[in-house]
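Reading through the structure tokens given below for one structure.
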Amino acid sequence: MAQPFVLRERWFDVSAPEFEAFLRDYPRHLEARPPLNRKANYREWIDPNIGAWPGNALGKSWKRGGCLGYQIRLDLVLKVSAQERRSCLWCD
């Protein structure tokens, strides 16, 4: 039987300011898919330098009705936490 929540476990929920800080502080240029000039309820930020989609997706944002959601890839959060921080670099 398929495991429907396997991909969801790769992501860490963050607030809008934390997500904006992540986008601003990420060391390389991130591409938005779909591009920012297109209207979209769902967008991913990818780093083309680290491979092909879906492995290069680092952040997600979406809008459903009046609700907004933001996520950062969990391995980025854990990497920062392993560097003697209590939590995500972008979540402080």
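What the table below lists for this structure:
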| read-out | value |
| --- | --- |
| Region 10-63 shape via C-alpha gyration tensor axes, a/c threshold 1.5 | rounded |
| Potential extension, H29-A16 segment - 0.36 nm per residue separation minus Cα distance | 2.8 nm |
| Label-point gap, in nm, between R43 and D75 - each point 7 angstrom along Cα→Cβ | 2.5 nm |
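Any read-out appearing in this document is the output of simple, stated calculations on the displayed coordinates, not a laboratory observation. Fair warning: this is a prediction, and the values are worked out from it, not measured in the lab. Note: ideal-geometry Cβ built from the backbone for every residue, glycine included; neighbour counts use all protein chains shown.
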